[in-house]
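Here's the structure, in structure tokens; my notes come after.
The values are calculated or read from the model by the stated rules, or taken from the named source; none is laboratory data. Predicted, not measured: the structure shown is a model, and the values here were computed from it. Note that each Cβ is placed from the backbone with ideal geometry, even for glycine, and that neighbours are counted across all protein chains shown. Just the protein is used for accessible areas: all its heavy atoms, side chains included, with ligands, DNA and RNA removed. Shrake-Rupley method; radii C 1.70, N 1.55, O 1.52, S 1.80 Å.
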Amino acid sequence: MNIQIYIRPLKLSDADISYKWRNDPEVWLYTEYVITTPISPEIEKNWLSEKLKLSNEKRFAICLSETNEYIGNIQIIGINNGSADFHLFIGEKKFWGKGIGYQASLLILKYAFFDLMLKNVFLEVHAENVAGFSIYKKVGFTKVSRHGNFIKMVVHSSALKIN
Ligand SMILES: CC(C)(COP(=O)(O)OP(=O)(O)OC[C@H]1O[C@@H](n2cnc3c(N)ncnc32)[C@H](O)[C@@H]1OP(=O)(O)O)[C@@H](O)C(=O)NCCC(=O)NCCS
């Protein structure tokens, strides 16, 4: 049976947990984020505090329904003129491969299309990120272009595959 999850807006105290994930190279292997310096709870909190002020970003925590444990982030950012960019990671690696990335993606895309009334959501995925690519195809993203190792994808509001 699927692990049940929900998403809720990120809050400043989440930085006390998420700073650990920032320091884990395995989490960022297939992303554009490069760890250049160790991230302390203070650095993460300062960064998050600035991000939470932005009105063109909606950042959520992915949490387990049973225990409320916070295990990852999902966000749409750069919201502008009906479009936005999508990002997702599960920081607690023991929860990879359990269908959580897929469930969380559907939840935020429903929010983007039905609550924010966006028209298009874009993302970039590393060509070797099999799990990410598989989720994005399943929810309705299609390829737009490729540059280097990254594939740009888009889902239009009318193309979201809810099941
Ligand atoms: C990428 C990521 C979000 C995927 O989330 P997840 O919860 O582990 O993925 P799911 O369990 O929902 O699986 C989605 C699909 O990928 C497949 N999959 C999962 N892990 C896989 C792996 N290691 N190798 C190949 N396929 C995998 C699943 O079988 C499933 O395929 P299906 O829909 O055909 O059954 C997660 O692994 C992660 O946070 N990785 C680090 C950060 C990252 O890469 N973020 C994405 C940047 S674009």
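The set of residues in segment 23-56 being touching a strand residue (DSSP E or B) at 6+ places or on another chain (Cβ under 6 Å) and over 30 Å from Val130 (Cβ atoms) consists of Asn56 alone.
Between Glu124, Glu128, the distinction of being modelled with pLDDT of 95 or more and part of a strand (DSSP E or B) belongs to Glu124 only.
The set of residues in segment 5-56 that are in a loop (DSSP other than H, G, I, E, B), open to solvent by 90 Å² or more (accessible area, probe 1.4 Å) and in contact with a helix residue (DSSP H, G or I) (Cβ under 8 Å, 6 or more places away or on another chain) contains only Val34.
Candidates are the residues of segment 32-54 that are over 14 Å from Tyr19 (Cβ atoms) and modelled with pLDDT under 95; the one that is nearest to the ligand (Cβ to nearest atom) is Glu32.
Note on segment 93-108: residues that are touching a residue at least 24 places away in the same chain (Cβ under 8 Å), more than 6 Å from the ligand (Cβ to nearest atom), open to solvent by 40 Å² or more (accessible area, probe 1.4 Å) and more than 15 Å from Gln75 (Cβ to Cβ) amount to 1. Of Val144, Val130, all but one fail to be away from the ligand (no atom under 13 Å from the Cβ) and surrounded by fewer than 17 Cβ atoms within 10 Å (Cβ to Cβ); the exception is Val144. Contact map, segment 129-158: first residue touching a residue at least 40 places away in the same chain (Cβ under 8 Å), second residue within 10 Å of the ligand (Cβ to nearest atom) and not in a helix (DSSP H, G or I), Cβ cut-off under 7 Å, separation 6 or more or different chains; pairs are Asn129/Tyr30; Gly132/Tyr30; Gly132/Val125; Phe150/Glu124; Phe150/Val125; Phe150/His126. The residue that is nearest to the ligand (Cβ to nearest atom), counting only those in segment 112-121 that are buried (at least 16 other Cβ atoms within 10 Å of the Cβ) and assigned to a helix (DSSP H, G or I), is Ala112.
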